[in-house]
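Asker: First, the structure itself, so that you have it in front of you.
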Amino acid sequence: MTTTTSIAKTESLTEQIFKAATLLQAGKNIVFPTETVYGLGADITHSAAVNRIFQIKERPITHPLIVHFADLEQISYWAENIPSQAKKLMEYFWPGPLTIILPKSRHVPYYVTGGQDTVGLRIPDHPVAITLMKILGLQKAVVAPSANRFGRLSPTAATHISDEIRSNVDMILDGGSCKVGLESTIISFCDLQPILLRPGGIPLNSIEEILKQNITTSLSHNNNVRTPGMLASHYAPRTPLEVWPTETLQHRINELLNQKYRFAILSLSDSLHLPYQTTEKPVKRFECYRMPSDPIDYAHCLYAKLHQLDNKRYDRLLIEMPPDLPNWLAVHDRLQRASYHFVMR
Ligand code: TXA
Ligand code: MG
């Protein structure tokens with residue numbers, strides 16, 4: 001394992017991207033920005049670099065990685081038996097926060113797919129990622145999971161990348177804060193009907209509109225597919241996180257105040273009663289943030305807020321449960337996984 005090269009301030013972004021491409025070609029690992037979250041990348045043809053991703057993330061090697069590429073015309077190089085419905089989605093949503101699972105071609109090695117015959121493919125909508133992959137050239141791809149330890153919060157800014165990841169990669173390409181801020185939506189086309197494997201950056205109803213059909217969201221008949229983002233506990237901060245409906249949140253706040261806990265609240269309403277806190281105290285007992293009421297804006301800042309609050313070492317993070325509406329599906333999914341044992345309904 002090598003140490004991170006700190007990028008000289010005088011280097012232009014283009015120079016940095018060229019340097020990142022050279023590192024990938026030499027079989028090294030880099031962190032790069034996408035519009036969803038930062039990825040921990042390797043050149044698809046370098047098996048040692050791909051294997052190192054699993055070690056760095058501490059992720060089981062049987063869990064497949066997404067293959068990122070730059071040019072839609074290259075799709076049949078990576079996948080086979082592509083249904084017309086899948087093509088429709090690619091044409092409409094790529095580049096963008098949508099991962100499509102298809103039968104893999106012989107160009108996708110099994111060390112990328114965790115031994116499965118399917119591959120997750122995505123053209124990301126980020127100029128840095130696209131430039132990087134264009135420099136690598138045709139028939140090249142960057143495999144990458146989110147650049148976090150297995151089960152932890154994905155980074156949506158370079159500053160979120162943990163020391164453990166930092167010390168194990170050769171470069172971090174800083175492309176600013178990710179405009180979507182939540183991982184891609186994953187749709188599988190490996191069964192007779194398309195199946196939603198993970199809600200994410202593209203809302204399900206937008207996909208259904210393009211396909212003119214309803215999408216199955218149940219995973220029950222799809223047990224062979226290993227999608228760790230769908231494990232019950234995932235995307236979690238270190239601080240225990242509790243999600244409460246509006247009606248009971250105040251009660252929980254009162255309990256924590258009585259128990260002298262330190263906590264932070266991500267609220268959606270104005271109705272909470274919090275005691276006056278003197279600003280002279282060096283450490284706040286609690287703090288409350290009003291989150292955006294629009295699900296896309298909420299998703300955009302959720303991970304950033306959780307990263308920020310996690311660093312403050314509160315005893316608890318309290319989240320006001322968002323509305324039970326279809327366009328909040330991806331946010332509900334992440335909150336449920338981040339809270340796991342703490343969801344109170
Ligand atoms: O937005 C994203 O998707 C980000 C950026 C970096 O592209 N990537 C990301 O990767 O979230 P990761 O590995 O953290 O999550 C991808 C999910 C995993 O749950 C993985 O198991 C699943 O996609 N996946 C990948 N290939 C698959 C396949 N062939 N079949 C089923 N699930 C697959
Ligand atoms: Mg991930």
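The values are calculated or read from the model by the stated rules, or taken from the named source; none is laboratory data. All figures in this text were calculated on a predicted structure; none of them were measured in a lab. Cβ: placed from backbone, ideal geometry, glycine included. Neighbour counts: every protein chain shown. Note: areas computed on protein heavy atoms with side chains; ligands, DNA, RNA excluded. Shrake-Rupley method; radii C 1.70, N 1.55, O 1.52, S 1.80 Å.
Asker: Between residues in segment 99-114 that are closer than 14 Å to THR45 by Cα and residues that are within 16 Å of ligand 2 (Cβ to nearest atom) and part of a strand (DSSP E or B), which pairs lie under 6 Å by C-beta distance while being six or more apart or on different chains?
Answerer: So the pair list comes out as VAL112/VAL143.
Asker: I would also like to ask the following. Restrict the check to segment 69-89 and report whether at least one residue is in contact with a Pro (Cβ under 6 Å, 6 or more places away or on another chain) and crowded, with 24+ Cβ neighbours inside 10 Å.
Answerer: For segment 69-89, residues in contact with a Pro (Cβ under 6 Å, 6 or more places away or on another chain) and crowded, with 24+ Cβ neighbours inside 10 Å: absent.
Asker: For segment 239-287, which residues satisfy the criterion of being open to solvent by 60 Å² or more (accessible area, probe 1.4 Å), more than 22 Å from ASP324 (Cα to Cα) and either touching a Ser or Thr at 6+ places or on another chain (Cβ under 7 Å) or not in a loop (DSSP other than H, G, I, E, B) (or both)?
Answerer: ASN254, GLU255, ASN258
Asker: Still on this structure, I have one more. Collect the residues in segment 18-31 that are open to solvent by 10 Å² or more (accessible area, probe 1.4 Å) and touching a residue at least 24 places away in the same chain (Cβ under 8 Å), keeping them in residue-number order.
Answerer: Those that are open to solvent by 10 Å² or more (accessible area, probe 1.4 Å) and touching a residue at least 24 places away in the same chain (Cβ under 8 Å): PHE18, LYS19, LEU23, GLN25, LYS28.
Asker: Given the structure, is ASN51 farther than 28 Å from GLY176 by Cα, away from ligand 2 (no atom under 16 Å from the Cβ) and either out of contact with any His (no Cβ under 8 Å at 6 or more places or on another chain) or touching a residue at least 24 places away in the same chain (Cβ under 8 Å) (or both)?
Answerer: Judged against the criteria, ASN51 is not a match.
Asker: Let me ask another. Can you spot a residue in segment 194-215 that is surrounded by 19 or more Cβ atoms within 10 Å (Cβ to Cβ), at pLDDT below 95, assigned to a loop (DSSP other than H, G, I, E, B) and touching a Ser or Thr at 6+ places or on another chain (Cβ under 9 Å)?
Answerer: No, there is no match, as no residue in segment 194-215 is surrounded by 19 or more Cβ atoms within 10 Å (Cβ to Cβ), at pLDDT below 95, assigned to a loop (DSSP other than H, G, I, E, B) and touching a Ser or Thr at 6+ places or on another chain (Cβ under 9 Å).
Asker: Considering PRO97, PRO60, which residue is open to solvent by 10 Å² or more (accessible area, probe 1.4 Å) and modelled with pLDDT under 95?
Answerer: PRO60
Asker: Which residue, of ALA236, ALA232, is exposed (fewer than 12 other Cβ atoms within 10 Å of the Cβ), at pLDDT below 90 and within 17 Å of the chain's Cα centre (by Cα)?
Answerer: ALA232
Asker: Looking only at segment 295-317, count every residue that is in contact with a helix residue (DSSP H, G or I) (Cβ under 9 Å, 6 or more places away or on another chain) and in a loop (DSSP other than H, G, I, E, B) and tell me the total.
Answerer: 1
Asker: Moving on. Considering only segment 113-141, how many residues are near ligand 1 (Cβ under 9 Å from one of its atoms) and surrounded by 23 or more Cβ atoms within 10 Å (Cβ to Cβ)? I'd like the intermediate steps shown before the answer.
Answerer: Taking segment 113-141 and keeping what is near ligand 1 (Cβ under 9 Å from one of its atoms), we get 113-114, 116-122, 124, 129.
Checking the rest, the ones that are also surrounded by 23 or more Cβ atoms within 10 Å (Cβ to Cβ) come to 119-122, 124, 129.
Selection size over segment 113-141: 6.
Asker: Name the single residue that is farthest from the chain's Cα centre (by Cα) among those in segment 165-183 being of a type outside the set (Gly, Ala, Ser) and within 15 Å of ligand 2 (Cβ to nearest atom). Quick ask: steps written out before the conclusion?
Answerer: Initially, segment 165-183 is screened for residues of a type outside the set (Gly, Ala, Ser), giving 165-166, 168-174, 178-180, 182-183.
If we keep only those that are within 15 Å of ligand 2 (Cβ to nearest atom) as well, we get 165, 178, 180, 182-183.
Working: ILE165: 15, CYS178: 10, VAL180: 10, LEU182: 5, GLU183: 3 Å.
In this case the residue turns out to be ILE165.
Asker: Next question, about the same structure. Suppose the filter is open to solvent by 60 Å² or more (accessible area, probe 1.4 Å) and near ligand 1 (Cβ under 10 Å from one of its atoms); does THR34 pass it?
Answerer: Details: open to solvent by 60 Å² or more (accessible area, probe 1.4 Å): no; near ligand 1 (Cβ under 10 Å from one of its atoms): yes.
No.
Asker: Anything in segment 42-57 that is out of contact with any Pro (no Cβ under 9 Å at 6 or more places or on another chain) and open to solvent by less than 40 Å² (accessible area, probe 1.4 Å)? List them, or say none.
Answerer: Within segment 42-57, ALA42, ASP43, ALA49, ILE56 qualify.
Asker: Sticking with this one: Please verify whether segment 142-157 includes one or more residues that are outside the structural domain of ASP294 (by TED's automatic domain parsing), more than 16 Å from ligand 2 (Cβ to nearest atom) and open to solvent by less than 10 Å² (accessible area, probe 1.4 Å).
Answerer: no
Asker: I'd like to check something: does segment 163-171 contain any residue that is among the aliphatic types (A, V, I, L, M), in contact (Cβ under 8 Å) with a residue 40 or more places away in the chain and in a helix (DSSP H, G or I)?
Answerer: Among the residues of segment 163-171, at least one is among the aliphatic types (A, V, I, L, M), in contact (Cβ under 8 Å) with a residue 40 or more places away in the chain and in a helix (DSSP H, G or I), which makes the answer yes.
For (1) over 17 Å from LEU138 (Cα atoms); (2) at pLDDT below 95; (3) not assigned by TED's automatic domain parsing to the domain that holds PRO124, each residue gets a yes or a no:
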position	(1), (2), (3)
THR3	yes, yes, yes
ALA8	yes, yes, yes
ALA21	no, no, no
GLN25	no, no, no
ILE30	yes, no, no
ALA42	no, no, no
ALA48	yes, no, no
ILE53	yes, no, no
GLU73	no, no, no
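Asker: Which condition does SER293 not pass, out of (1) small (Gly, Ala, Ser); (2) open to solvent by 60 Å² or more (accessible area, probe 1.4 Å); (3) touching an Asp or Glu at 6+ places or on another chain (Cβ under 9 Å), if it passes all the others?
Answerer: (3)
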